[in-house]
Each structure stands twice: as C-alpha cells, then as structure tokens.
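See structure below.
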Amino acid sequence: MTNEYVELSEIKVSVQQVKNCAFSQWYSKFAGHTPQAKVIKPVPGGFLEYLEQDGIKLPNDSQFGKSSYYAEIGNNEDNEYSDWEASSDEEHPQGQDVVQLFPELHKELKDIFREMGSLTPKLTWSSPKDATWILANNTLKCTEVNDMYLLLKASNYITHDLDRALAECFDKNSALEQDGPLQHELVLRKWFDLNPALEFRVFVKDSAIIGVSQRDLNYYDYLELLTETFKDLLDEFVEDIVLPRFPDSSFVCDVYIPRPFEKVWLIDFNPFARKTDSLLFSWNELATIDPYKLESDYELRLVQENNVARFASKEHSENQVPKEVADAITNPKAIQELAEKWGELLNMQKAGDSSDDEPGEQNNSL
Ligand SMILES: Nc1ncnc2c1ncn2[C@@H]1O[C@H](COP(=O)(O)OP(=O)(O)OP(=O)(O)O)[C@@H](O)[C@H]1O
Ligand SMILES: [Mg+2]
C-alpha cells in the first residue's frame, strides 16, 4: 500500500532553545551588529498585571509632564459633545490611575524616551506587530510612552508571550520545575526607518543556512537581481558573526540588509520551531532539507510577480476581521445593520445560555 499523504515531520524544540532567543540572551553578544536597545528585566509584576487586564486604560499622566493623549482640547463646534465633561471624569476617576500599578517603571520609561527619542517595544520574544493599526502612524514607532502602552495592550502577540511562550516545548514541565516561572523582559529598541523589502528571514539548521525568505510578503521587482549579493553577505555574516556567538546550531534569524549592501544588521532570533513563521517556505520543507547534501546551495526565496496574491493576506491573518466589519467602518448604514445583527445574535446567545453562568465583565475604556 502506498502512502497517499505526507507525514508531518517532527520538529523538536526545547525550553533552552526558546530561552536562547530571548532578546537579553543574545543582544550584548552582537554589539555593533544590531540596533541599539535597552532591556528592562525583570518586568515589574504590576506592569504584567496591567498588560493582562481587559480593556485599554492609559495612565493619567499630568504629574509626569505632557503627553499628546492628554493635550488640552478646547470645546468648539467640532467637538461639542453634550457629555464631554462627564465622560472624561468617569474614564479617569481620582485614585484609580493605572500608573499606580508600576510607578517606577513608568518614570523610567519616560526617561528612556527622553534619552533615546523614538523607539519600538518588544516583550521578551514578541513585538506587537499585529497592533500597528492602533497608532496614527500605523507602524511600531513610538514617540512617547503612551504610544507604547497602546501597542502592547492592543497586541495579541504580547498576550501570547505572557501565556503560552513555552507551550510547544517537549521539556516544558521539567524545565519549569527546575528553573521556576519565566522572567519576562521589556525591550526598547531605538527606532530607525527601515525598508521592509530588505528584511530577510534566515533558516539555519545544524550550523548551515538551509533557506532564506523575504520577510515582507510583497513583490519588489529589484530583489531578484540582487540575490547573489544578498547570499554572499549572508554566508559571511552567519559564518563569521552569528555561529561563533549563538549557542544553538539550529535557529532562525531575522536580518536587515540596507543599501549600499555592505553590512548585515541582526534584528532578531527565533527558535527553529513551527511557532516561528516559515514565510515563503513550509515547515515540512525546512524539516526535510538535509544541510549536508545542500552544500551551501540554499534557496533565497522571493515573492514573484505571479504569486503575490497568494501571500498578500498571510500576514497576521489570525487577527483579521470579517469583510463585513471592514466594510462597515466606512459606511454608516452598514455599521447600523451590523450592530442590529450583532444585537440579534447576542440576544439569541443570551436566551441559549444557562442561568448559572458567571456574568461577563466588560471594559471598553480607552
Ligand atoms: N529598531 C527598529 N526600528 C524600526 N523598526 C524595527 C526595529 N526593530 C524591528 N523593527 C521592525 O519590527 C519588525 C518586527 O520585529 P521583530 O522581528 O523583532 O518582531 P517579532 O515579534 O520577533 O517578529 P516575529 O514574530 O516575526 O519573529 C521587524 O520586521 C522590523 O520591520
Ligand atoms: Mg521574532
């Protein structure tokens, strides 16, 4: 009997391999090869509690200086809300400011912003890439501490870091017993404007590059001609800089190669595991490539003009909203219809719920 399906190849990952990818574990070894950053470790418990709370509340910041989120707004024709004063009092009642959960960290963060200028945050392994929609600039660039709180709170990836970072590890129970719970770290990287076309993900297995993927899944016509230049730079970078400094022989690293294509910048390390996005490869493909047979002839895979549509919707697809919701945002009538349908569904659900369920707490304050 022949097999009509391909078996999923097992890719084992240990707690130590995941821990090696935490920012503080590798950052200091790559000075001069990675953008400047500050690491706050351990993250105070009050801040982790704040990140895990439902809803988004920002610190009422008056005692720490000005924030654009609390700039004085004069009452004029454009913002003549009848409940203007009442609502601002309700949202920030005296004595309930969230900054009470982490006053020292809040002050330290403000000092770091003053010193470093614009920056982008990361919690241990993950950046809030899925939440850029919440900032006016639609990027990860934070110019003040409240931008950073908004991004971290709105991100599902950050909550993942807190809850399930080691879920895939085969030895998680014994490692947790031995080392105790994880210590989280907050990373603040100095912002620089980078061209997403020139970011790459490098898959390294048994100390050899087995594949490189474009990281931003759009088609850029000029990349194809540069393939050999990128491969030469990456071979040298991985051989001379990364392998001697990184403790594992299998990992996935993210790099940036800006013009004039003379230097490679290290952006991040990720475990060689299915939880790391394999981008233009599949994990089965990567698991079955034999680095010894490859003899350095790995593929640098790019989005092609004729397959751009295939990948256009892949990024953050787990966080995308139904088309009806997206359409409704620009169409008041559709919003009304959607709200009515939503109300009907909720009523149906309530009718179906058993009476001894806990009442859900809702907190939509922003
Ligand atoms: N210092 C920086 N300045 C500007 N942009 C940055 C900086 N560092 C990272 N970025 C951008 O943020 C993106 C995400 O960063 P990073 O790879 O560290 O996040 P991540 O959460 O580990 O991502 P993944 O889940 O794909 O591994 C990068 O692709 C890059 O575009
Ligand atoms: Mg990463």
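One table, with the values for the structure above:
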item	result
Among the candidates Gln100, Gln63, Gln94, Gln53, residue that is at pLDDT 55 or above, open to solvent by 60 Å² or more (accessible area, probe 1.4 Å) and either farther than 19 Å from Ala154 by Cβ or in contact with a helix residue (DSSP H, G or I) (Cβ under 7 Å, 6 or more places away or on another chain) (or both)	Gln100
Single match in Asp179, Asp193, Asp216 (criterion: more than 13 Å from the chain's Cα centre (by Cα), acidic (Asp, Glu) and within 21 Å of Leu234 (Cα to Cα))	Asp216
Exclusive hit being in the same structural domain as Met116 (by TED's automatic domain parsing), surrounded by 15 or more Cβ atoms within 10 Å (Cβ to Cβ), assigned to a loop (DSSP other than H, G, I, E, B) and at pLDDT 85 or above, set Val13, Val43	Val43
Residue that is part of a helix (DSSP H, G or I) and within 16 Å of ligand 1 (Cβ to nearest atom), where the choices are Val238, Val242, Val252	Val242
Check on Phe281, under 20 Å from Leu302 (Cα atoms), aromatic (Phe, Trp, Tyr) and open to solvent by less than 20 Å² (accessible area, probe 1.4 Å)	yes
Odd one out for Trp133 among (1) more than 20 Å from Asp248 (Cβ to Cβ); (2) within 13 Å of ligand 1 (Cβ to nearest atom)	(2)
Flag if Leu225 is open to solvent by 30 Å² or more (accessible area, probe 1.4 Å), of a type in the set (A, V, I, L, M) and more than 30 Å from Asp161 (Cα to Cα)	yes
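The values are calculated or read from the model by the stated rules, or taken from the named source; none is laboratory data. What you see is a predicted model, and the numbers here were worked out from it, not measured in a lab. When we count neighbours, we look across all protein chains shown, and the Cβ atoms used for this are built from the backbone with ideal geometry, even at glycine. Quick note on the areas: whole protein, heavy atoms, side chains included, nothing else; ligands and nucleic acids left out. Shrake-Rupley method; radii C 1.70, N 1.55, O 1.52, S 1.80 Å.
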